[in-house]
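Q: Before we start, here is the structure in question, set down as structure tokens.
Quick note: the coordinates plus some simple rules give every number you see, no bench work behind them. These figures come from a predicted structure and were not determined experimentally. Cβ coordinates were reconstructed from backbone atoms using ideal geometry, including for glycine residues, and neighbour counts include every protein chain displayed.
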Amino acid sequence: MNLQKITFGNGCFWCTEAIFETVKGVKSVASGYMGGHTKSPTYKEVCNGTTGHAEVLQLLYDADEISFDELLLIFFKTHNPTTLNRQGNDVGTQYRSAIFYENDEQKQQAEAMIKRLTEEEVYDKPIVTEITPASEFYKAEDYHQNYFANNPQNPYCAAVIQPKLYKFAKDFTEKIKPELL
């Protein structure tokens, strides 16, 4: 096994966690906070927008099963990387599009992916995803972990997360863990 780590900020971690938990080769997903200036921030503090943190997912993945480029493509195709500090109705710096890289290779691959998507004119507007070195990761409170799986009756899950999962399954069927198909 070739375990690697990457941290993505792509909006509300409830939505994006549900997607990455289904991806072949992703061994663990933790919702949390990164990129701010407050030590051990709480969800309430991050939501207030005063800590500088983004809501993030920290992934451990087996690079022998899924490449970093494949994860990047999933990251870019499952949120809107052209809206600054916003994903849908979620507004604030905590919802920014961000890649917190672990090494220079990840940084270069992320930059190359943005260049490729820009050249291919995949989006109508410029990509505003920040590419930043990983800093301290603060795991979110327990009730945020596996949120969709633990709260399927929540109206937010039905209205926002479930449609994202359907779209992901349609666009990336070959990347879904076989036991989930």
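Q: Sorting Thr173, Thr16, Thr22 on the 10 Å Cβ count, fewest up front, what's the list? Walk me through the numbers on the way to the answer.
A: Details: Thr173 9, Thr16 26, Thr22 19.
With the sparsest Cβ surroundings first, the list reads Thr173, Thr22, Thr16.
Q: Hey, could you pull the Cα Rg and Dmax for region 3-180, both in Å?
A: 15.1, 42
Q: Next question. Going highest first, how would you order 23-32, 100-109, 52-61 by mean Cβ packing within 10 Å? Could the numbers behind the result be given before it?
A: Details: 23-32: 19.3, 100-109: 15.9, 52-61: 23.4.
The densest-packed peptide leads the list: 52-61, 23-32, 100-109.
Q: Right, here's the next one. Order of Tyr166, Tyr33, Tyr138 from fewest to most other C-beta atoms within 10 Å?
A: Exposure proxy ranking, most exposed first: Tyr166, Tyr138, Tyr33.
Q: Test of understanding: in a Gaussian network model of the chain with alpha carbons linked when under 10 Å, which of Ala98, Ala149, Ala134 would top the mean-square fluctuation ranking?
A: Ala149
Q: Among Ile66, Ile161, Ile19, what is the fewest-to-most ranking by other Cβ atoms within 10 Å?
A: Ile66, Ile161, Ile19
Q: At 0.36 nm per residue, and after removing the present C-alpha to C-alpha distance, how many nm does the segment from Ser67 to Asn85 gain when stretched out fully?
A: 3.7 nm
Q: If you look for lysine pairs in region 103-170 that are eight or more places apart or on different chains, how many of them have Cα atoms under 22 Å apart?
A: Eligible lysine pairs with Cα atoms under 22 Å apart amount to 5.
Q: Still on this structure: Return the distance in nm (one decimal) between the two label points of a simple spin-label model at Ala159 and Met1, each offset 7 Å from Cα along Cα→Cβ.
A: Going by the 7 Å Cα→Cβ label model, 3.9 nm.
Q: Relative contact order for region 23-181: what percent, with Cα pairs under 8 Å and sequence separation of 6 or more?
A: With pairs under 8 Å counted, the relative contact order is 28 percent.
Q: Taking the simple approach of a point 7 Å from Cα along Cα-to-Cβ for both Glu136 and Glu105, what is their distance in nm?
A: With each label point 7 Å from Cα toward Cβ, the separation is 2.9 nm.
Q: Can you check what the net charge comes to around Leu72, using other residues whose Cβ is under 11 Å from the Cβ of Leu72 (Lys, Arg +1; Asp, Glu -1)? Intermediate results must be reported in sequence, preceding the final value.
A: Values: positive: Lys77, Arg116; negative: Asp69, Glu70, Glu111.
It works out to a net charge of -1.
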